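Single-structure report; data block below.
The values are calculated or read from the model by the stated rules, or taken from the named source; none is laboratory data. It should be emphasised that the depicted structure is a prediction, and the values quoted were computed from it without experimental measurement. Every residue, glycine among them, receives a Cβ derived from its backbone with ideal geometry; neighbour counts consider all protein chains shown.
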Amino acid sequence: MPEGDDIFLKIMNSFGVKVVEAPLIEVKAIDFSIPDPVLEFDWIIFTSKNALKPFLKKVSDIKNTKIAVIGNSTAEALKNIGYQADFIGSGHSGARFAEEFKELATSGDRVLLAVGKLASNVMENSLEQDFIVHRVDVYETTIPRNINLKAIAKIESDDYGYIAVSSPSAVDNLMLHMKNNKERLRFVSIGTVTSAQIRRYGIEPSGEATNQNYKGLAETIVSTINPQP
């Protein structure tokens, strides 16, 4: 179900798993302000590639500020628009990233955290123990104008293997379109926050990625389809 992340599709294709893309969220930039010039921050952290374009559209020059990102896909997207990440977190989770970042950065550093509006505050709270953190919400997720109704019909008729979801919003938006068999849905989740949202509907995820990124999601689907003895 997630839209187009190359590494996800590459892994799925390598194992012969058919993927039907059905984007369930649309990313929209939102207005934001920064209390001080970017140059006064020691670090900018991008938790997702979705944060890059909205942030850089408003803040055009960040070349003199160190940049940290979560996951290789965000680092690659950053590179494609002309910047190099100074630190790439493993992408296992926001909490894990915070612990990794603390080993690198200097206590008391000023950190600008560019995230989505619905992002958890777990990483933010952890970073605030050692750094001066200013969070800016730079994008939000909404329901797409065009939903893949054929994919929804396949799900309702139980003509699918698993539903891969990469955000709580995707779970909510799918549920809005489901009329039947909600309790029987077979989700594989990208991580703990998304799994928690699935459970709010009374459904236990069939699988949850240990490494909370698209690579981890793909690997979890493969292992769920073909469990090892």
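Values for this structure:
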| item | result |
| --- | --- |
| Given (1) outside any loop (DSSP other than H, G, I, E, B); (2) touching a Leu at 6+ places or on another chain (Cβ under 9 Å), index of the condition PRO144 fails | (1) |
| Set PHE46, PHE97, PHE15, PHE32: member being at pLDDT below 95, of a type in the set (Phe, Trp, Tyr), out of contact with any Asp or Glu (no Cβ under 9 Å at 6 or more places or on another chain) and not assigned by TED's automatic domain parsing to the domain that holds VAL165 | PHE97 |
| Hey, ASP86 farther than 20 Å from LEU52 by Cβ, outside the structural domain of GLY216 (by TED's automatic domain parsing), at pLDDT 95 or above and in contact with a strand residue (DSSP E or B) (Cβ under 7 Å, 6 or more places away or on another chain) or not | no |
| Residue list for the stretch 146-176, filter: surrounded by fewer than 16 Cβ atoms within 10 Å (Cβ to Cβ), of a type outside the set (A, V, I, L, M, F, W, C) and within 22 Å of the chain's Cα centre (by Cα) | ASN146 |
| Number of positions in the stretch 75-100 that are β-branched (Val, Ile, Thr) and more than 16 Å from TRP43 (Cα to Cα) | 1 |
| Filter pass, LYS57 being more than 23 Å from ALA105 (Cβ to Cβ) and either buried (at least 16 other Cβ atoms within 10 Å of the Cβ) or assigned by TED's automatic domain parsing to the domain that holds LYS117 (or both) | yes |
| Within the stretch 124-142, tally of residues that are buried (at least 16 other Cβ atoms within 10 Å of the Cβ) and farther than 30 Å from ASP109 by Cβ | 0 |
| Number of positions in the stretch 90-148 that are in contact with a His (Cβ under 8 Å, 6 or more places away or on another chain), aliphatic (A, V, I, L, M) and more than 27 Å from MET175 (Cβ to Cβ) | 3 |
| Output for the stretch 97-121, where each listed residue is within 15 Å of the chain's Cα centre (by Cα) and free of Cβ contacts under 8 Å to residues at least 60 places away in the same chain | PHE97, LEU118, ASN121 |
| All positions within the stretch 37-54 that are in a loop (DSSP other than H, G, I, E, B) and surrounded by fewer than 18 Cβ atoms within 10 Å (Cβ to Cβ) | PRO37, ASP42 |
| Of all residues in the stretch 56-69 being modelled with pLDDT under 90 and among the aliphatic types (A, V, I, L, M), the one that is nearest to ILE30 (Cα to Cα) | VAL59 |
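Every residue, every condition in (1) among the hydrophobic types (A, V, I, L, M, F, W, C); (2) over 22 Å from the mean Cα position of the chain (by Cα), yes or no:
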{"site": "MET123", "(1), (2)": "yes, no"}
{"site": "ASN180", "(1), (2)": "no, yes"}
{"site": "ARG186", "(1), (2)": "no, no"}
{"site": "TYR201", "(1), (2)": "no, no"}
{"site": "SER206", "(1), (2)": "no, no"}
{"site": "ALA209", "(1), (2)": "yes, no"}
{"site": "LEU217", "(1), (2)": "yes, no"}
